[in-house]
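Notes follow the structure.
The values are calculated or read from the model by the stated rules, or taken from the named source; none is laboratory data. Computed from a predicted structure; not experimentally measured. Cβ sites come from the backbone with ideal geometry, for glycine too, and all protein chains shown count toward neighbours.
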Amino acid sequence: MRSAQKSPPTVATKLLVPLPARHLIERGRLYDVLDEGVTHGVVLLSAPAGAGKTVLLSSWIAARQLPGPPCWLSLDADDNDPVRLLDDLLSALRRPASGPLEALVAPTGASTERFLALLVNALTELHAPLVLVLDEVHELTSPRATAALDYLVRHAPPQLRIVIAGRADPPLHIERLRAGGALTQLRITDLAFNREETATLCGQLELPISEQELEALWVHTEGWPAAVCMAALSLREHPEPARFLADFAGTDRAVADYLIAEVLARLPAPTREFMLHTCVVDAVSPELADALTGGEGGTLPLAELERMGAPVQPTAVDGRWYRYHPLFGELLRAHLRHAHPEQIPALHRRAARWYAEQREAMPAIRHALAGEDWEQAGCLIAEHWLELFLHGGAAAMRGPLAQLPPAVVAADPRLAAALAGTRLQEGDLGDAERLLALARESRKPPRELLTAVALRHARLRVQPDDAARLAEELNDVAHRHTHRCRTALRGFALCDLGATLLWSGADVGAAVAHLDEALALVSEHGYELIALDCLAQLAMVHVLRGELTRGEQLSARATELAERHGWCGEPAAAAAHLAAGTCAYRRGEFERAEGLLARAVGAADAAEPPVRLAVSLMQAYALAAAGERSAVAGALKLGAIRSELADGVPAPPFLERVLDAAEPRVLIAAGEVERARATLAAALQRTPDSVALLVRQASLELHDGEPELARASLARAHARAAEQTPPPSPGTVLEGWVLRAVAEHGCGETRAAFEALDRALALAEREPFRDAFLLSGPAVRDLLELQAREGTAHPALLEVLLDGVGEVTAHGGALSEPLTEREQRILRYLPTMLTNAEIGAEVFVSLNTVKTHLRSIYRKLDANGRADAVEKARRLGLLPAGIKRPRVVQRV
């Protein structure tokens with residue numbers, strides 16, 4: 001009989017807590033989880049290589065006050081000998097503890113169970129708890145070693161808090177702990193860096209990286225700590241960070257070497273083969289795995305992958321779907337292309353058939369195309385395009401449709417109709433018409449699909465009669481379908497008909513009725529792209545009627561839908577951006593309006609031509625508000641609109657009327673007064689009783705210094721407004737009263753001027769029209785100042801307007817550097833007799849702060865003192881001529 005021999009002593013470094021990483025990220029959110037976990041039971045960190053398990057635990061020990069002293073043991077292959085394992089365990093536990101553990105002697109033979117019982121009993125005699133950290137637990141593979149560890153975990157007394165870390169789940173019986181809530185788990189998704197932690201690491205590495213590049217780094221790596229570090233270190237020396245991040249993948253040399261050495265090489269050959277067959281899909285379930293591999297029982301390999309430490313993670317609560325980490329998936333696909341390129345088309349075709357059986361259209365189409373199964377891809381696209389279109393998924397079909405060979409499209413009228421719909425979404429009406437004709441030539445045209453695409457074509461051509469006929473036809477066809485599909489088709493028909501009636505100007509009242517009905521129908525069943533379209537069109541109706549508050553509400557709802565689904569660039573969002581930009585302009589938020597209208601430009605390219613023209617028109621208004629140089633660009637936009645109208649681009653009458661009124665305003669702002677005069681005269685010849693044109697004529701007469709002529713023009717305008725049905729926009733009427741106040745004041749009729757201005761203020765109380773006050777020049781500002789002193793029934797609004805007029809004037813003046821809001825306030829007190837200290841008391845700042853602002857004001861105005869600054873500010877229109885800004889008096 002062989003005599004048992006004593007194990008060699010434990011290597012001391014296995015018992016040392018690793019030193020904190022050089023670039024340590026404080027991870028308080030994970031420290032909190034560990035604190036809570038060791039208080040109530042066992043903690044398990046199970047994640048692939050490079051997830052930062054060891055770094056996290058060592059930094060946690062250094063940063064936090066643990067329930068007891070830490071006992072660290074880094075396991076290795078030698079610990080598969082249970083005797084060696086128990087010797088190492090005892091050595092780790094003895095480092096901080098004494099007493100009962102000192103009497104124990106590690107076993108020298110096979111009698112490990114007796115020793116484990118003695119060890120547990122000794123631990124129960126401790127007066128304070130110990131925290132045992134077992135790192136690299138995946139090194140334990142022998143049944144006897146894992147059985148010994150399992151015994152210790154199951155029988156651990158409260159004095160022993162256990163933390164286990166490894167690349168795979170240890171084969172322990174921990175279900176009881178999990179069921180009893182005594183197991184805390186941290187996996188790859190928990191250990192991944194979040195955006196803030198990624199940013200902190202880049203900051204510690206002193207990387208010259210932009211916010212966009214940081215976001216790209218985090219997205220590509222999904223916060224996998226090892227990948228983040230490798231990419232970040234590579235970035236330090238790379239001359240083009242943006243290009244590096246765009247190309248960064250699992251095939252990057254450093255990442256690939258790491259994954260091969262630390263992950264792939266450690267997995268059995270059958271497991272690697274399983275992963276190569278399943279890496280062609282985004283996520284894999286047991287059933288899909290069986291379809292791809294031709295085997296059975298895919299559940300076991302998937303669960304084993306996670307347990308063995310591969311970079312996979314469940315994507316659903318039930319744990320049936322798994323996905324590979326993107327970098328690891330890219331590496332697997334690269335291996336597949338190198339080792340088995342002939343298998344790739346077959347794998348994609350198997351995936352396509354499986355997804356098609358599950359009625360998962362988009363992944364089925366994607367894999368059929370990847371497998372170059374054109375016939376199956378064409379059938380899937382033809383069958384599902386209309387459904388995807390109604391649900392807002394047709395944009396994702398543009399790429400797949402473009403991949404189909406022309407012969408496949410020509411052979412199936414459904415595909416021709418679907419491709420025509422895609423062309424319409426891209427704004428290519430010419431090719432869409434060719435494809436529609438091709439679909440119609442078929443003996444059995446796809447009626448629902450063809451009618452829906454033809455209706456959208458009529459909408460984009462702004463053909464109300466055709467739209468009405470096709471909407472009725474689609475409604476008839478819809479009755480053959482299920483209630484849900486019938487609702488979607490009817491909602492689509494009503495929405496497109498309503499939009500066509502609106503932008504043709506044929507019947508705005510009927511348009512609203514159709515859009516309201518469509519919105520109610522599609523909202524009930526969640527067809528959100530159609531709902532977005534309805535909301536956007538209705539928002540424009542309310543904005544055109546001058547109902548800004550309601551228009552803003554509807555456009556905000558539409559924009560929220562667009563942003564939530566990534567549809568901001570879709571044609572359906574164009575009217576929403578246009579409505580929001582128009583409301584912002586009317587509110588006097590001119591810079592914000594420019595931004596919103598810029599968002600509308602791209603979306604409007606494939607929308608109805610009148611929408612695109614309306615966006616350009618509003619951009620011209622916003623540019624004119626920014627100053628003379630910008631107004632020149634605005635005038636060019638209006639000229640381009642005129643050219644398009646001359647070429648036959650359809651536009652409703654109301655849009656042409658708005659254009660007639662816009663041109664003189666923009667031209668005056670651009671300094672082209674004579675051209676504005678000629679343009680206005682031509683427009684008045686066409687529509688002599690237009691309220692908007694009469695208001696524009698009055699503004700030109702005031703510009704010429706003819707207040708009496710302006711007063712007469714405005715009297716005609718307001719008389720015409722009172723009898724017009726439907727009434728003109730409240731914004732036009734309000735601007736008329738603002739100009740009339742200026743005209744009356746210019747004629748010496750101060751009381752009449754105050755009455756006119758009060759009528760404008762009353763209208764501005766109902767809806768937030770501010771642009772007329774802010775853009776009408778120093779004369780309006782002077783009147784507002786006088787009205788404030790005289791007393792008003794609208795004190796809060798008047799205060800807002802006075803501040804707004806100052807801001808617009810300051811930013812729209814000839815200063816190379818605009819005055820800040822605080823500088824504008826201080827500037828208004830300079831014409832007074834107040835001392836600097838008294839000005840500080842008025843604006844609630846110290847004397848030194850006032851002096852600092854004064855130096856800045858003098859520098860920006862190029863003034864050599866207070867009097868010079870006042871004179872130059874008045875010349876620039878930054879101060880009213882001789883009027884002190886008073887406090888607003890409320891009229892009782």
Task: Positions within the range 607-632 being assigned to a helix (DSSP H, G or I), within 28 Å of Leu460 (Cβ to Cβ) and either among the hydrophobic types (A, V, I, L, M, F, W, C) or in contact (Cβ under 8 Å) with a residue 60 or more places away in the chain (or both), in sequence order - done: Pro609, Pro610, Val611, Leu613, Ala614, Val615, Leu617, Met618, Ala620, Ala622, Leu623
Open item on the list: Residue pairs, Cβ under 9 Å, 6 or more apart or interchain, first in the range 789-802 and farther than 13 Å from Arg770 by Cα, second of a type in the set (Ser, Thr, Tyr) and part of a helix (DSSP H, G or I). List them.
Closed with: Glu790/Thr750
TODO: Filter the range 338-364 down to residues that are in contact with an Asp or Glu (Cβ under 8 Å, 6 or more places away or on another chain) and aliphatic (A, V, I, L, M) and give me whichever is modelled with the highest pLDDT.
DONE: Ala352
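Name the one entry in His384, His367 that is crowded, with 18+ Cβ neighbours inside 10 Å, part of a helix (DSSP H, G or I), at pLDDT 90 or above and out of contact with any Pro (no Cβ under 7 Å at 6 or more places or on another chain). Explain how you work it out, then say what you get.
Details: His384 fails: at pLDDT 90 or above.
His367 is the lone residue from the list that is crowded, with 18+ Cβ neighbours inside 10 Å, part of a helix (DSSP H, G or I), at pLDDT 90 or above and out of contact with any Pro (no Cβ under 7 Å at 6 or more places or on another chain).
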Task: Looking only at the range 633-663, and only at residues there that are free of Cβ contacts under 8 Å to residues at least 12 places away in the same chain and not in a helix (DSSP H, G or I), the one that is nearest to Arg459 (Cα to Cα) - done: Gly648
TODO: State all residues of the range 761-789 that are touching a Lys or Arg at 6+ places or on another chain (Cβ under 8 Å) and more than 19 Å from Glu552 (Cα to Cα); if no residue qualifies, say none.
DONE: Glu785, Ala788
Task: The one condition in (1) touching an Asp or Glu at 6+ places or on another chain (Cβ under 7 Å); (2) assigned by TED's automatic domain parsing to the domain that holds Ser776; (3) over 18 Å from Ala760 (Cβ atoms) that Pro726 fails to fulfil - done: (1)
TODO: Would you check if Leu93 is buried (at least 17 other Cβ atoms within 10 Å of the Cβ), within 14 Å of Leu118 (Cβ to Cβ), in contact with a strand residue (DSSP E or B) (Cβ under 8 Å, 6 or more places away or on another chain) and at pLDDT 85 or above?
DONE: yes
Open item on the list: Quick test of your reading of the structure: Pro405 fulfils all but one of (1) under 27 Å from His565 (Cβ atoms); (2) touching a helix residue (DSSP H, G or I) at 6+ places or on another chain (Cβ under 8 Å); (3) free of Cβ contacts under 8 Å to residues at least 40 places away in the same chain. Name the failing condition by number.
Closed with: (1)
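Take residues that are touching a residue at least 24 places away in the same chain (Cβ under 8 Å), within 29 Å of His325 (Cα to Cα) and not assigned by TED's automatic domain parsing to the domain that holds Met230 and tell me which of the helices (runs of 4 or more DSSP H) falling wholly in the range 44-157 contain 1 or more. Spell out the reasoning first.
Values: elements: 53-63, 82-94, 112-124, 143-155.
Correct list: 53-63, 143-155.
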Task: Gly588, sole failed condition from (1) surrounded by 21 or more Cβ atoms within 10 Å (Cβ to Cβ); (2) in a helix (DSSP H, G or I) - done: (2)
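For the subset of the range 178-196 comprising residues that are part of a helix (DSSP H, G or I) and crowded, with 19+ Cβ neighbours inside 10 Å, which member is modelled with the lowest pLDDT? Break it down stepwise before answering.
Let us first name the residues in the range 178-196 that are part of a helix (DSSP H, G or I), namely 178-179, 188-191, 195-196.
Filter once more, keeping what is crowded, with 19+ Cβ neighbours inside 10 Å: 188, 191.
On the way: Ile188: 83, Leu191: 87.
Checked the range 178-196; the qualifying residue modelled with the lowest pLDDT is Ile188.
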Task: Candidates Leu702, Leu680, Leu739 - the one that is without any contact (Cβ under 8 Å) to a residue 40 or more places away in the chain, assigned to a helix (DSSP H, G or I) and either among the acidic types (Asp, Glu) or surrounded by 15 or more Cβ atoms within 10 Å (Cβ to Cβ) (or both) - done: Leu680
Task: Members of the range 509-532 that are surrounded by fewer than 19 Cβ atoms within 10 Å (Cβ to Cβ), without any contact (Cβ under 8 Å) to a residue 40 or more places away in the chain and part of a helix (DSSP H, G or I) - done: Gly509, Ala510, Val512, Ala513, Asp516, Glu517, Ala520, Ser523, Glu524
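Across the range 75-104, which residue is farthest from Ala168 (Cα to Cα) among those that are among the polar types (S, T, N, Q) and touching a Leu at 6+ places or on another chain (Cβ under 8 Å)? Don't jump to the end; show me each part of the working.
Kept after step one, since they are among the polar types (S, T, N, Q), are these residues of the range 75-104: 80, 91, 98.
Then drop every residue that is not touching a Leu at 6+ places or on another chain (Cβ under 8 Å), which leaves 80, 91.
On the way: Asn80: 16, Ser91: 25 Å.
Of everything passing the filter in the range 75-104, Ser91 is farthest from Ala168 (Cα to Cα).
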Task: From the options Val543, Val512, residue that is in the same structural domain as Ala580 (by TED's automatic domain parsing), at pLDDT 95 or above and closer than 26 Å to Arg592 by Cβ - done: Val543
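Quick grid of which residues meet (1) touching a strand residue (DSSP E or B) at 6+ places or on another chain (Cβ under 9 Å); (2) within 19 Å of Ile668 (Cβ to Cβ); (3) modelled with pLDDT under 95:
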residue	(1), (2), (3)
Ala572	no, no, yes
Gly581	no, no, no
Glu589	no, no, yes
Glu594	no, no, yes
Arg599	no, no, yes
Ala620	no, yes, no
Ser630	no, yes, yes
Open item on the list: So Val870 passes all but one of these: (1) modelled with pLDDT of 75 or more; (2) touching a helix residue (DSSP H, G or I) at 6+ places or on another chain (Cβ under 8 Å); (3) assigned to a helix (DSSP H, G or I). Which condition number does it fail?
Closed with: (2)
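Residue by residue through the range 496-508, note down the ones that are in a helix (DSSP H, G or I) and either among the aliphatic types (A, V, I, L, M) or surrounded by 24 or more Cβ atoms within 10 Å (Cβ to Cβ) (or both).
At the first step, the residues of the range 496-508 found to be in a helix (DSSP H, G or I) are 496-504, 508.
Asp496, Leu497, Gly498, Ala499, Thr500, Leu501, Leu502, Trp503, Val508 - these are the residues of the range 496-508 that are in a helix (DSSP H, G or I) and either among the aliphatic types (A, V, I, L, M) or surrounded by 24 or more Cβ atoms within 10 Å (Cβ to Cβ) (or both).
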Open item on the list: Testing Tyr621 on (1) buried (at least 23 other Cβ atoms within 10 Å of the Cβ); (2) in the same structural domain as Arg599 (by TED's automatic domain parsing); (3) farther than 27 Å from Ala536 by Cβ, one condition comes back false. Which one is that?
Closed with: (3)
